[in-house]
1. Among the residues of the range 165-182, write down those that are modelled with pLDDT of 95 or more and surrounded by 14 or more Cβ atoms within 10 Å (Cβ to Cβ).
2. Give just the number: which of (1) in a helix (DSSP H, G or I); (2) within 19 Å of the chain's Cα centre (by Cα) does residue 598 not satisfy?
3. Can you name the strands (runs of 3 or more DSSP E) wholly within the range 116-194 that have at least 2 residues being more than 24 Å from residue 210 (Cβ to Cβ) and of a type in the set (Lys, Arg)?
4. Could you check residue 471 against (1) in contact with a Ser or Thr (Cβ under 6 Å, 6 or more places away or on another chain); (2) buried (at least 22 other Cβ atoms within 10 Å of the Cβ); (3) touching a residue at least 60 places away in the same chain (Cβ under 8 Å) and say which number it fails?
5. If only one of 497, 425 is touching a Lys or Arg at 6+ places or on another chain (Cβ under 6 Å) and in a strand (DSSP E or B), which one is it?
6. Please enumerate the residues belonging to the range 212-238 that are charged (D, E, K, R) and either in a helix (DSSP H, G or I) or free of Cβ contacts under 8 Å to residues at least 24 places away in the same chain (or both).
7. Mind telling me which of the residues 149, 189, 153 ends up being charged (D, E, K, R), touching a Leu at 6+ places or on another chain (Cβ under 8 Å) and either in contact (Cβ under 8 Å) with a residue 60 or more places away in the chain or buried (at least 20 other Cβ atoms within 10 Å of the Cβ) (or both)?
8. Does residue 589 satisfy the criteria of being at pLDDT 90 or above and surrounded by 20 or more Cβ atoms within 10 Å (Cβ to Cβ)?
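The values are calculated or read from the model by the stated rules, or taken from the named source; none is laboratory data. What you see is a predicted model, and the numbers here were worked out from it, not measured in a lab. FYI the Cβ positions are ideal-geometry reconstructions off the backbone, even for glycines, and counts take in every protein chain you see.
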Amino acid sequence: MKEEYGVNDIQVLEGLEAVRKRPGMYIGTTDLKGLHHLVWEIVDNSIDEALAGYCKNIEIIINKDNSITVKDDGRGIPVGIHPKTGISTVETVYTVLHAGGKFGGGGYKVSGGLHGVGASVVNALSKWVDVTVYKDGKIYNTKFENGGKTVQKLTVVGECEKDRSGTTVTFKPDPDIFDSDIYDYETLKVRTRELAFLNKGLQLTLRDDRDEKDTQGDKFLYEGGISEYVKFINQEKTPLHEKIIHLNGEKDGIMFEVALQYNNGYNDNIYSFVNNINTHDGGTHEDGVKRALVRVTNSYARKNNILKEKDENLTIDDVKEGLTMIISCKHPNPQFEGQTKGRLGNSEVKNLADSVFAEGYEQFLLENPEEAKLIVSKSILAKNARMAAKRAREATRKSDLATTNFFGKLSDCKSKDPTISEIFIVEGDSAGGSAKKGRDSMTQAILPLRGKILNVEKARQDKALANEEIRTIITAFGTGIGEYFDLSKLRYDKIIIMTDADVDGSHIRVLLLTLFYRFFRPIVEAGHVYAAQPPLFRIMHGKTRKYVLNEAELNDYMNSLPENIRSRAEVARMKGLGEMDAEELNETTMDINKRVLRKITVEDCIAADAIFEKLMGDEVEPRRKFIEENAGYVQNLDI
Ligand code: 1YM
């Protein structure tokens, strides 16, 4: 044994051990996000192979045991002996922690040399890994166990057709490292689809072998690339012009691409990417496009006298209303900035983005005067509304918390410490009354809502801000909105939506979520929004009162009772919050030691928006379809 272990082997094991000791350094977290991150580390290598022009198909499979298989038809990882390590290149890629293997890297690697950095990280964090390479008529295989210890060196295990090539990797995440080892199909699907949009012509397939029925899986292949992404986002919306504008350019190995289409809505959906990674804080690629968009629109509007001499220029806020836009940049040496590395810093990209966009967009406006007029007129309407909204926002900001009646029906908590304060937004005055009596008035504020709040998906901001309920919420939160938004001013750690477990209740919940998503997205992203889970059943026997959340819990509880008690237990279905008295409401839904809260997250803003649009937007047909398709899943329908 001793002789087989050289200096290299020891260094290798130390490297992978470092990853196991501090996985967060390499994959961010060890929760569900980290678990899914492993998949993308492996898929990244296949995507690089596709960007190099050698791979057309990538398949991702969730196996029955929650291990993951990734297959591609690229050249196959090189099988020869690596000059530096003296072992096969495949094994080197999977066991040597490259210097660049830090969280946040990955993606397009035209520079070479840094290839496959994530593979060794995945190996370090896996119970076992199996790598098969098809190349030159041979099938090669190597295996690792328990955090990357080689249990089978690269060996020829069979023969294949001479023209077949590719790499197949299967790995099982180590349950000692991750909180959960169950993969979520939807999470993988959203990103797989996104990768297909961002890499035109590349076919990605996702399949769930845990599900007996799902044999086909989902296939994603978009010849139109990001144009089709724009179309996808706008599918439930009403576009202002039919054609999707798609522009691209290249300079010094930097590829830049943008696709856009306006719709008649009031929100924007602008998403930018660098090397397939979402730059959620924008950066030079986004800045360049926005600068050009504002300049070209203003100049067109002036030349055609749609914007008069006395009128102020349009700003980015005006021209982005109703805009769906995808920006994608492939850069050999990207510099990511900001605390979460979500911003592209490379200054040379700004002018490239500006010039590619300006030239192409100007031409589009000239060649399509009717569409141009629609777009520019919309921006001018947006500007007028924006100025009215600004006055309204200033009013919400200036209002003095102590003296104003803006607070409407808010019963605030006594504590001014935001880290321990919570606000319950409660459906209906009667539940609001019970909540007020049952709360801990030191830390819990209550805001009762009468009826439905305004649907902000269908209203411009000025109208939304004229709505009293919405103004009360804005003032209560304390953050302001738009350019005045400041997360550090949030007055509550938890914003808890408390609605009935019926159709009206979920409608109000969706309306509130729409408001939060559109006006207070950072609050949702920072994990401050929750849904209360009021109980659905009350069971009484003797002096015992027990509340349970759903039918499954009811059955479990009933089965746990001795027969003589069970037969005498009284089960009542809770009709709504209003039915509970203050004590019951406190005990079941508000008491921090007993209640169950569900955290609302925006895992994927794009997918969330699609659902909001479906449920709340102009088009009736998608809503009808959604209801039809999902009606079967509805539990506890109460009309
Ligand atoms: C399912 C995972 O890893 N595919 C893959 C990886 C590589 C290559 C092809 C490849 C790259 C090169 C030459 C090159 C990698 N090679 C390396 C390294 N799929 C998967 N497909 N030949 C093949 O870049 O020159 C790292 S990854 F470093 F060995 F070249």
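1. 165, 166, 167, 168, 169, 170, 171, 172, 173, 174, 177, 178
2. (1)
3. Counting at least 2 such residues, we get 149-159.
4. (2)
5. On the way: 425 fails: touching a Lys or Arg at 6+ places or on another chain (Cβ under 6 Å).
Answer to the check: 497.
6. Step one: filter the range 212-238 for residues charged (D, E, K, R), giving 212-214, 218-219, 223, 228, 231, 236-237.
Hits for the range 212-238 are 212, 213, 214, 219, 223, 228, 231.
7. Values: 189 fails: either in contact (Cβ under 8 Å) with a residue 60 or more places away in the chain or buried (at least 20 other Cβ atoms within 10 Å of the Cβ) (or both); 153 fails: touching a Leu at 6+ places or on another chain (Cβ under 8 Å).
The match here is 149.
8. Values: at pLDDT 90 or above: yes; surrounded by 20 or more Cβ atoms within 10 Å (Cβ to Cβ): yes.
Yes, satisfied.
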